[in-house]
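In what follows, a single structure is set out as structure tokens and then discussed.
Since every read-out is calculated from the coordinates, none of them should be taken as a lab result. Treat the numbers as computed from the prediction; the structure is a model and nothing was measured. Here the Cβ is made from the backbone with ideal geometry for all residues, glycine too, and neighbour counts use every protein chain on show.
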Amino acid sequence: MIPDWRSERRHMVERQLRKRGIDDARVLDAMLTIPREEFVPHDVRVSSYQDEPLQIGQGQTISQPYMTAFMAQLLQLTGTETVLDVGGGSGYHAAVLGKMAAHVISIEIIPSLARLAEENLRRTGLGGNITVVCGDGSKGWPECAPYGGISVAAAAPEIPEALLAQLGDFARLVIPVGDKGDQELRVIERVNGVIYERVATHCRFVPLRGVAGWR
Ligand code: SAH
């Protein structure tokens with residue numbers, strides 16, 4: 001039997017997001033309309049709307065829906081921003097950000113996953129304002145800086161200097177920082193040039209690679 005994806009999506013939004021405090025209408029709307037099942041591998045497709053991360057190959061995962069929503073909400077986007085998405089993976093998180101910002105640069109270090117993200121975004125018709133690039137996102141992507149938001153989906157030992165340098169004024173950087181097994185999700189905000197930092201929650205992400213990651 002083919003699952004009723006729309007109804008699964010509605011349940012996910014109600015039970016996993018709204019009930020847990022996600023109230024940004026643009027985040028909820030994005031996650032209600034984007035077909036997550038198109039971003040997960042065929043063998044785990046029935047689990048597309050489960051309350052957990054899923055394997056997407058190369059030892060990497062597509063984040064739990066709640067974490068994607070929570071991170072997107074923390075960015076407080078208005079729709080005019082250029083956003084940097086570090087750790088493109090399946091392209092799902094980029095698709096969510098694409099609904100909430102003017103332009104998204106999604107950077108992925110593993111070439112086959114960068115191709116996967118691009119292919120998923122193309123097939124779903126959601127890639128119109130998303131540019132997928134393959135490279136080391138721990139260095140950011142200076143070509144399009146400064147960014148109105150930066151979202152990092154892999155855990156860093158410390159906040160990469162390059163990402164701070166590419167963060168625009170009145171913009172937020174959301175990034176898991178800690179050791180490989182356990183991290184805190186930090187929100188860094190630049191206001192009139194001054195950097196403010198707070199911890200939003202505890203979390204567990206795959207390690208960030210690259211020059212400012214775990215080598
Ligand atoms: N946002 C993704 C989840 C990706 S998991 C999604 O919605 O599916 C984290 C991803 O970060 C992995 O694909 C991993 O390959 C990638 N990654 C790790 N270090 C990186 C780096 N330095 N630059 C870019 N991508 C990186």
message: Anything in segment 72-87 that is within 9 Å of the ligand (Cβ to nearest atom) and within 19 Å of residue 9 (Cβ to Cβ)? List them, or say none.
response: none
- line: Taking segment 16-35 and keeping residues without any contact (Cβ under 8 Å) to a residue 24 or more places away in the chain and either surrounded by 13 or more Cβ atoms within 10 Å (Cβ to Cβ) or more than 24 Å from residue 79 (Cβ to Cβ) (or both) leaves 18, 19, 32
- prompt: From the list 138, 151, 90, which residue is part of a strand (DSSP E or B) and either more than 13 Å from the ligand (Cβ to nearest atom) or in contact (Cβ under 8 Å) with a residue 24 or more places away in the chain (or both)?
  reply: 151
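Identify all residues within segment 78-87 that are in contact with a strand residue (DSSP E or B) (Cβ under 9 Å, 6 or more places away or on another chain) and either part of a loop (DSSP other than H, G, I, E, B) or free of Cβ contacts under 8 Å to residues at least 24 places away in the same chain (or both); write none if there are none.
If the condition is that a residue be in contact with a strand residue (DSSP E or B) (Cβ under 9 Å, 6 or more places away or on another chain) and either part of a loop (DSSP other than H, G, I, E, B) or free of Cβ contacts under 8 Å to residues at least 24 places away in the same chain (or both), then 78, 80, 81, 87 are the ones that fit.
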- request: Kindly state which helices (runs of 4 or more DSSP H) lie completely within segment 1-77 and contain at least 1 residues that are under 17 Å from the mean Cα position of the chain (by Cα).
  value: 25-33, 65-74
field: Which listed residue, of 166, 183, is within 30 Å of residue 52 (Cβ to Cβ), of a type outside the set (D, E, K, R), buried (at least 20 other Cβ atoms within 10 Å of the Cβ) and within 16 Å of the ligand (Cβ to nearest atom)
entry: 183
query: Which residues, taken from segment 114-135, are in contact with a Lys or Arg (Cβ under 9 Å, 6 or more places away or on another chain) and part of a strand (DSSP E or B)?
result: 132, 134
query: What are the pairs, 6+ residues apart or on separate chains, where a residue within segment 107-135 that is in contact (Cβ under 8 Å) with a residue 40 or more places away in the chain and closer than 13 Å to residue 209 by Cβ has its Cβ under 8 Å from a residue that is in a strand (DSSP E or B) and of a type in the set (S, T, N, Q)?
result: 110/60; 113/60
message: Looking only at segment 176-189, how many residues end up being in a strand (DSSP E or B) and without any contact (Cβ under 8 Å) to a residue 24 or more places away in the chain?
response: 4
